[in-house]
1. Consider only pairs whose beta carbons are under 8 Å apart and that are at least six residues apart or on different chains; among these, list those whose first residue lies in segment 71-95 and is closer than 23 Å to residue 35 by Cβ and whose second residue is in a helix (DSSP H, G or I) and at pLDDT below 95.
2. From the list 59, 79, pick out the single residue that is assigned to a helix (DSSP H, G or I), surrounded by fewer than 18 Cβ atoms within 10 Å (Cβ to Cβ) and touching a helix residue (DSSP H, G or I) at 6+ places or on another chain (Cβ under 8 Å).
3. Do you know which of the residues in segment 41-56 that are over 16 Å from residue 85 (Cα atoms) and in contact with a helix residue (DSSP H, G or I) (Cβ under 6 Å, 6 or more places away or on another chain) is surrounded by the fewest Cβ atoms within 10 Å (Cβ to Cβ)?
4. Given the conditions (1) surrounded by 16 or more Cβ atoms within 10 Å (Cβ to Cβ); (2) more than 11 Å from the chain's Cα centre (by Cα); (3) closer than 23 Å to residue 117 by Cβ, and given that residue 96 satisfies all but one, which numbered condition is not satisfied?
5. Let me spell it out: the conditions are (1) under 14 Å from residue 29 (Cα atoms); (2) surrounded by 13 or more Cβ atoms within 10 Å (Cβ to Cβ); (3) over 18 Å from the mean Cα position of the chain (by Cα), and residue 87 meets all of them except one. Which number is the exception?
6. With respect to residue 67, is the statement that it is assigned to a loop (DSSP other than H, G, I, E, B), over 15 Å from the mean Cα position of the chain (by Cα) and at pLDDT 95 or above true?
7. Just for segment 103-113: of the residues that are in contact with a helix residue (DSSP H, G or I) (Cβ under 9 Å, 6 or more places away or on another chain) and free of Cβ contacts under 8 Å to residues at least 60 places away in the same chain, which one is farthest from residue 75 (Cα to Cα)?
């Protein structure tokens, strides 16, 4: 007799989903900056910082302790803040348009808010 198992219903991890989506946007922006704008240095800084957010969120899933969890997300918060800096530089030096800047910065600000809230909640 074969017994069917209930499908595992996992609650969506918003920070994991949004940080991954942001990383994809950063990689695609990096490709545009390098291939079309021939901008390598600022693009590389943004690529590193922007993709680190999601990587640190993933690392936090297997943190060794609550303190380690908070630390990993705190570093992710710093990377999100740095990403905003590079996006501002790219906009102010005309490598990205106002529309591109507004769109991706909106996503970044959402990550900053989510990370801040998770860190504050985890500290209590």
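The values are calculated or read from the model by the stated rules, or taken from the named source; none is laboratory data. No experiment lies behind these values; they were computed from the predicted model shown. Heads up, the Cβs are rebuilt from the backbone with ideal geometry, glycines too, and the neighbour counts pull from every protein chain shown.
1. none
2. On the way: 79 fails: surrounded by fewer than 18 Cβ atoms within 10 Å (Cβ to Cβ).
Testing whether each residue is assigned to a helix (DSSP H, G or I), surrounded by fewer than 18 Cβ atoms within 10 Å (Cβ to Cβ) and touching a helix residue (DSSP H, G or I) at 6+ places or on another chain (Cβ under 8 Å) leaves just 59.
3. In the first step, residues of segment 41-56 are kept if they are over 16 Å from residue 85 (Cα atoms); the result is 54-56.
Filter once more, keeping what is in contact with a helix residue (DSSP H, G or I) (Cβ under 6 Å, 6 or more places away or on another chain): 54, 56.
On the way: 54: 23, 56: 21.
Filtering segment 41-56 for residues that are over 16 Å from residue 85 (Cα atoms) and in contact with a helix residue (DSSP H, G or I) (Cβ under 6 Å, 6 or more places away or on another chain), the one surrounded by the fewest Cβ atoms within 10 Å (Cβ to Cβ) comes out as 56.
4. That leaves (3) as the condition not met.
5. (3)
6. Details: assigned to a loop (DSSP other than H, G, I, E, B): no; over 15 Å from the mean Cα position of the chain (by Cα): yes; at pLDDT 95 or above: yes.
Here the answer is no, as residue 67 does not meet what is asked.
7. Going through segment 103-113, the residues in contact with a helix residue (DSSP H, G or I) (Cβ under 9 Å, 6 or more places away or on another chain) turn out to be 103-105, 107-112.
Narrowing further to those that are free of Cβ contacts under 8 Å to residues at least 60 places away in the same chain: 103, 105, 109, 112.
Working: 103: 23, 105: 19, 109: 15, 112: 11 Å.
Ranking the qualifying residues of segment 103-113, first place goes to 103.
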